[in-house]
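> Encoded as structure tokens, here's the structure I'll be asking about.
The values are calculated or read from the model by the stated rules, or taken from the named source; none is laboratory data. Computed from a predicted structure; not experimentally measured. Here the Cβ is made from the backbone with ideal geometry for all residues, glycine too, and neighbour counts use every protein chain on show.
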Amino acid sequence: MTSTDQLPTPAVSIQGMQKFYGSFHALKNIDLTVEKGEKLVICGPSGSGKSTMIRCINRLEEHDGGRITVLGTELNDDVGNIDGIRREVGMVFQHFNLFPHMTVLENCVLAPMLVRKIPRAQAEAAAMRYLEKVRIPEQARKYPGQLSGGQQQRVAIARSLCMEPEILLFDEPTSALDPEMIAEVLDVMVSLASDGMTMICVTHEMGFARRVADRVIFMDAGEIVEMADPETFFGDPKNERTKKFLSQILGH
Amino acid sequence: MSDPSLASPPAPPGRLIDLRRRYFRTPVQAAISLACLGLLAWLAWGVLNWAVFSAEFSADASPETCRAGAGACWTVIAQRWRIILFGLYPYDEQWRSALACVVVVAMIVLSCLPSFWSGLRLAAVWVLGTAAFYILMKGGIFGLRQIGEDQWGGLALTLFIFVATCLIGFPLSIVFALMRRSKLPVISHGIGLVIDAVRSLPLLSILFAFAVVVPFMLPDFLQGGRLYRVICGAALFFAAYQAEIIRGGLQGVARGQEEAAMSLGMSYRHRVGKILLPQAMRNALPATINQFVISFKETSLVIVVGFFEILASGNAAYGTGEWTFAYREVYAFIALIYFTFVFSLSRYGAYLERRMAVGTR
């Protein structure tokens, strides 16, 4: 964990969070604190609630119990709070969700111009800077449909970065990609991590977790089953379910 | 072995060979093709013979000589076109009605140009266009004689009803479609009920209700003229159908689109205006053009509440004793006018589809 001299506000603090879909108990009593600058990797079998959990952090899902505090602001029904938090929390989706009717550059400058009221010239300059960071500036004038999956996901990362968020959430960013494109996206994520971005990543890329994560969380059936630094997590998992899961995804 | 990368695609067959392959492959096929060709030629001859070769084109032929001829009598159009285009509008003032038509057409054309697609420009075009139309038609200022809506007629009335219906109905349909997606059941179910109620009634009965029944229900100052009540009824009908078309378009937008916009902190207004509606309208475009076309033709129904739009004016044009035999020519002329407008509309729709296809694979 990172430590700082002043009393730090955690990036995300979740206490006793509950989430139901009808009568299905999707998240059970989640407690989790993520410090600023920390890189957290969340893994677990499908349906274990990992995506739901990070989608609660920017309120794409509403939690039904407990407290979620993001950058010192509690998430409740206050729409102003929610919009404020969403400005500071970027999200990268499994299916990229780029806006297909706009060019790459327009995708990147739209929210900064509308939400942060940044003038177009300045927003475009920033967008080109981030497109260079994800190594795709030459595609700025193209439409998303003309790009490969890996290129689209890198544009999606650049689009999030253009809002200059404090926290980036990744919801299985490489799961929809062809194998040869996974590396180019992971490389970008590694370079972001080295810049000190607070990252919460739902992913099954265990190589990435080992290399970048400060902590790895294993979730199953709506609970956090195990939480440890990567060395302990992969080298000496305590829980039987974790061991089984790791043997399944690392076994071949 | 030759290099496979040097292989070229097969050359397309010549026109004649292609025709023979498609239509004359076997004797039976050849017979069917020839029979169909003969039938088409016979029909074409019949139409051309009536409309051109045996037709009377002289502008001042008398009804009697015209009637005696074997073909069409276009004299009726030459003599009665003012009634068809302007209806009961006073003869001396018909230039105003003609100019008003030009204004409406210009308004439609300008709104169709992509360079005018900003809220401010469209609003300016519509406000100025509508004001110009109204002043020209109604008069009462600038030394123009005042002419009541009851005397409006013909093409100007048809165009006015169509444009006003769309200008009111289209924004209303977007509001309806968005309300139908509301998370509050009171709103989504309430508007659903309204849409279903309007859709389950024939347009005729809605026009009747707005023209005849509404005056009994509303205080005088809320009634407005009969023409405007009828337009409101038509706009409501348009909105109910168009709302469902837009809702269909919205359903075609991936859920992730709105989530992505939310995660970027965009407000509801921006999410709807910049992300959802542009994509939904693209999905809904073919059905939307269809709805505009239907609405244009449905303007002819206002005859039942006593307005002489172009079709009703056409009836009047041949309905004066001496020209009653020439109804075919009048209807052909009106059909040509409808066709001109509707065909332009559908070609514009095709252009929009091509334009909007940019960026989709």
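> Failed condition for A:Pro144, given (1) more than 19 Å from the chain's Cα centre (by Cα); (2) surrounded by fewer than 24 Cβ atoms within 10 Å (Cβ to Cβ); (3) over 24 Å from A:Gly207 (Cα atoms); (4) away from chain B (no Cβ under 11 Å), with all others met?
Among (1) more than 19 Å from the chain's Cα centre (by Cα); (2) surrounded by fewer than 24 Cβ atoms within 10 Å (Cβ to Cβ); (3) over 24 Å from A:Gly207 (Cα atoms); (4) away from chain B (no Cβ under 11 Å), the lone unmet condition for A:Pro144 is (4).
> Out of everything in region A:94-124 that is of a type in the set (A, V, I, L, M, F, W, C) and part of a loop (DSSP other than H, G, I, E, B), what residue ends up being nearest to the other protein chains (Cβ to nearest Cβ)?
A:Phe99
> Can you report the number of residues in region B:94-134 which are over 20 Å from the mean Cα position of the chain (by Cα), crowded, with 17+ Cβ neighbours inside 10 Å and either outside the structural domain of B:Ser344 (by TED's automatic domain parsing) or not small (Gly, Ala, Ser) (or both)?
Adding up the residues that qualify gives 2.
> Filter region B:306-361 for residues that are in contact (Cβ under 8 Å) with a residue 12 or more places away in the chain and within 14 Å of chain A (Cβ to nearest Cβ); which is nearest to B:Ser97 (Cα to Cα)?
So the residue we want is B:Leu352.
> Let me ask something else. Cβ contacts < 6 Å: first residue among the polar types (S, T, N, Q), restricted to region A:42-56; second residue assigned to a loop (DSSP other than H, G, I, E, B), any location; separation 6+ or different chain. Result?
A:Thr52/A:Glu61
> Would you check if B:Arg255 is at pLDDT 90 or above and either surrounded by fewer than 19 Cβ atoms within 10 Å (Cβ to Cβ) or within 14 Å of chain A (Cβ to nearest Cβ) (or both)?
Against the criterion (at pLDDT 90 or above and either surrounded by fewer than 19 Cβ atoms within 10 Å (Cβ to Cβ) or within 14 Å of chain A (Cβ to nearest Cβ) (or both)), B:Arg255 qualifies.
> Anything in region A:150-172 that is away from chain B (no Cβ under 13 Å) and buried (at least 24 other Cβ atoms within 10 Å of the Cβ)? List them, or say none.
Selection gives A:Arg154 alone.
> On to the next question. Out of (1) under 30 Å from A:Ile182 (Cβ atoms); (2) surrounded by fewer than 24 Cβ atoms within 10 Å (Cβ to Cβ), the odd one out for A:Val70 is which?
(2)
> Which of the following residues is closer than 17 Å to A:His101 by Cα and surrounded by 15 or more Cβ atoms within 10 Å (Cβ to Cβ): B:Leu276, B:Leu345?
B:Leu276
> Still on this structure, I have one more. Go through region A:93-128 and report how many residues are in contact with a Pro (Cβ under 9 Å, 6 or more places away or on another chain) and not small (Gly, Ala, Ser).
Looking only at that region, the number is 15.
> Is there a residue in region B:284-304 that is within 14 Å of chain A (Cβ to nearest Cβ) and over 16 Å from the mean Cα position of the chain (by Cα)?
Yes, the conditions are met somewhere in region B:284-304.
> Go through A:Val34, A:Val79 for me and flag whichever is farther than 16 Å from B:Ser263 by Cα and of a type outside the set (Lys, Arg).
A:Val34
> Still on this structure, please answer the following. Determine, yes or no, whether A:Ala127 is part of a helix (DSSP H, G or I), modelled with pLDDT of 95 or more and buried (at least 22 other Cβ atoms within 10 Å of the Cβ).
yes
> Going through region B:202-230 one residue at a time, which ones are touching a Gly at 6+ places or on another chain (Cβ under 9 Å) and β-branched (Val, Ile, Thr)?
Result: B:Ile206, B:Val214.
> In region A:18-38, is there at least one residue being within 14 Å of chain B (Cβ to nearest Cβ), crowded, with 21+ Cβ neighbours inside 10 Å and assigned to a strand (DSSP E or B)?
no
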